[in-house]
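This report concerns only the one structure given below.
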Amino acid sequence: MLSADRLSVRFGSKTALADVSLDVPAQKIVSVIGRSACGKTTLLRAFNRTNEMIAGARTTGTARFHGTDLYGRTVDPVEVRRRIGMIFQRATPFPKSVFDNIAFGPRAGGFAGDLHELAEEVLTSAGLWADVAGDLDAPALALSAGQQQQLCIARTLAVRPDVLLMDEPTASLDPAATARIESLVHSLKATYTVVIATHDLSQAARLSDMTAFLDAGELVEYSPTATLFTNPRTRQAEEYVTGRTS
Amino acid sequence: MTPPVAERSAYPVSPTIQAAAKPMLPGRRRDFLAGASRLAAATMLAAAAGLAGVLARAVWQANGGSADGTPYAGGAGWETIGPAVAGTLWLALATAALALPIGLGTALYLEEYARPKRRAVRAFQAAVAHLAGVPSVVYGVAGLVVLVHGLSAGRSIFAGGLALAALALPTVVATSAEAIRAVPDDLRTAAYGLGATRWQVVRHQVLPAAAAPIAAGACAAITRTAGEAAPLLVLGATSFATFAPAGPGDPLVSLPTQVFAWAVRPQAEFAAQAAGAAIALLAILLGLNVAGLFLRRRLRKVLP
Ligand SMILES: Nc1ncnc2c1ncn2[C@@H]1O[C@H](COP(=O)(O)OP(=O)(O)OP(=O)(O)O)[C@@H](O)[C@H]1O
Ligand SMILES: [Mg+2]
């Protein structure tokens with residue numbers, strides 16, 4: 001459903017993603033693992049067309065969504081981002097109220113329903129409702145780092161994308177909140193397709209159906225999660241998942 | 001004598017830690033900057049006190065007092081400074097009405113819409129930065145050539161307003177652009193990532209986040225130019241207006257030029273009038289600054 005075909009991204013003269021080809025099946029969870037700076041974020045951002053805001057970024061190859069080239073001449077990047085939502089690695093709440101953070105995306109997309117109902121729904125999904133229900137007008141920046149991450153997840157859900165790209169969504173969360181987000185991701189599988197970048201190998205093993213292992217911008221191995229963790233085809237993947245470094 | 005750590009602590013302390021615990025030494029660290037900054041602040045305070053003293057004397061003189069106790073004939077009444085006050089208010093209004101929208105619009109274009117790598121854009125940015133440093137009198141000369149001689153705008157409030165707006169413009173562009181640039185890119189990425197259009201990102205994220213410094217910069221630029229005499233003198237401001245300007249076509253009068261015209265005359269009564277006009281000018285500039293402060297507060301509530 002979502003696929004990359006020889007997708008490359010360069011920042012200036014530096015290649016961050018080199019000839020990556022992979023297929024993300026509908027209603028599956030795909031995790032992307034690999035060392036820091038291997039290109040996980042860049043891959044996710046390529047699907048959501050947010051690399052192009054970085055000066056000097058150049059994307060080549062194709063990325064398809066239901067067969068449509070996301071980088072096609074007639075494709076509106078705004079539409080791409082509404083359909084393929086992304087939760088960024090660094091949680092960046094808008095310096096506004098909790099409610100306005102949730103409402104921004106739906107309003108931008110012309111949402112006509114009840115924003116309060118929507119806010120309650122997505123905040124509950126993200127496990128934040130109990131914490132903020134009393135005061136949706138509180139400033140988002142007054143939340144803790146973990147709560148801010150949860151707010152950013154809720155705010156992306158509020159746009160109701162078809163695909164959810166999550167860039168290390170639980171990196172700043174406590175075990176309980178992490179468990180909540182993981183069960184959320186699990187429940188999302190029924191309706192969404194999820195791509196999740198993570199450094200937490202056990203999380204990748206727990207959550208995902210398929211796992212992609214990136215190294216230095218290249219896709220080294222893309223296998224069913226069980227295979228990649230127990231019986232990887234490549235030596236690099238084996239070394240990475242077993243924690244051995246050569 | 002401070003008791004040893006072990007006695008004060010509610011927790012048992014191991015003998016080694018107890019042995020290692022030394023009493024806290026009282027004392028200060030040397031900090032050169034602490035002294036230097038205190039000196040700088042004191043100098044600033046002295047300068048402010050000096051200015052306040054001079055003004056106080058001027059107020060006293062303008063109210064008819066003199067050094068030898070005899071009141072001057074004719075202080076600075078409304079009949080004499082009224083036209084100039086009205087002129088300066090008109091000029092400030094024209095500057096704000098022209099420089100703010102054009103300046104903010106230009107800054108938004110440069111920072112959010114133009115492609116930063118284009119050579120023309122970068123040349124434009126550099127030109128704006130340099131224009132902000134051009135002496136104000138040069139704007140007067142340009143205004144004289146273009147407006148008075150070229151467009152036959154006459155020595156009018158209109159011509160003066162255009163010249164002052166042109167003078168304020170590069171500063172408004174530069175301060176607005178800086179305020180816009182200070183909005184973190186993560187905020188833009190987050191907003192675009194949620195499917196917002198460029199207009200929505202600019203209107204609902206960038207502008208509210210940058211509103212306060214934009215307003216502060218514009219306010220400073222406008223009050224600064226409202227106090228300028230040089231460009232208006234070059235344009236040919238009149239120094240003996242008998243009626244307050246009622247529109248842009250009326251003759252150019254202003255407080256700064258009036259202060260100058262009166263201050264250079266030898267007679268004592270003109271010195272008093274100059275002082276009165278200077279005080280009126282300061283009052284107006286203070287008023288503009290306070291208005292800017294309220295505007296900034298209001299913006300913060302209205303914009304998001
Ligand atoms: N904005 C940018 N400008 C220039 N180079 C960049 C930029 N963003 C990423 N890169 C480069 O692209 C490469 C891949 O970075 P990326 O952020 O995709 O890594 P990552 O796998 O997400 O790392 P991490 O696990 O630390 O988040 C890195 O070498 C990085 O230096
Ligand atoms: Mg990353």
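A few remarks follow.
- Using only side-chain charges placed at the Cβ, +1 for Lys and Arg and -1 for Asp and Glu, the dipole size of the protein assembly as shown relative to its Cα centre rounds to 1000 debye.
- Listed by chain and number, the lysines placed with their C-alpha closer than 26 angstrom to that of residue A:14 are A:40, B:117; residues fewer than eight positions away on the same chain are left out.
- At least 20 Å² of accessible area lost relative to the chain alone, listed for region A:105-140 with a 1.4 Å probe: A:108
- Apportionment of accessible area to carbon and sulfur, region A:94-246, percent (1.4 Å): 51 percent
- Chain B contacts chain A over a buried accessible area of about 1700 Å², both sides summed; the probe is 1.4 Å and only protein chains count.
- Taking a point 7 Å from the Cα of residue A:137 along the Cα-to-Cβ direction, the residues of region B:283-304 with backbone N closer than 19 Å to it are B:297-304.
- For the protein assembly as shown, the solvent-accessible area of protein heavy atoms averages 51 Å² per residue (probe radius 1.4 Å; ligands and nucleic acids excluded).
- Shown here for region B:193-274: chymotrypsin sites (Phe, Trp or Tyr not before Pro) in loop regions (DSSP other than H, G, I, E, B) with at most 13 other Cβ atoms within 10 Å, namely B:240, B:243.
- For a straight C-alpha distance cut-off of 14 angstrom, the aspartates and glutamates reachable from residue A:96 (same-chain residues fewer than eight places away being disregarded) are A:135, A:137.
- For residue A:76, solvent-accessible area (1.4 Å; no DNA, RNA or ligand), Å²: 80 Å²
- Proximal aspartates and glutamates relative to residue A:189, as straight alpha-carbon distance under 15 Å, when same-chain residues fewer than 8 apart are discounted: A:162, A:209
- The residues of region B:203-230 occluded by other protein chains by 50 Å² or more of accessible area, set against the chain on its own, are B:205; surface from heavy atoms, 1.4 Å probe.
- Max mean-square fluctuation residue, GNM over chain A, Cα-Cα springs under 10 Å, options A:53, A:86, A:210: A:53
- Helix A:115-125 vs. chain A, principal-axis angle (Cα, 0 to 90°, nearest 10): 50 degrees
- Carbon and sulfur %, accessible surface of region B:130-226 computed with the full protein complex present, 1.4 Å: 66 percent
- Estimated dipole of region A:17-106 in Debye, rounded to 20 [Cβ of Lys and Arg +1, of Asp and Glu -1, Cα centre]: 180 debye
The values are calculated or read from the model by the stated rules, or taken from the named source; none is laboratory data. Just so we're clear, the structure is a prediction, and the values are computed from it rather than from any experiment. For neighbour counting, all protein chains shown are included, and Cβ atoms are generated from backbone atoms with ideal geometry for every residue, glycine included. When the accessible area is computed, the model is the full protein with side chains, heavy atoms only, and any ligands, DNA or RNA have been set aside. Shrake-Rupley method; radii C 1.70, N 1.55, O 1.52, S 1.80 Å.
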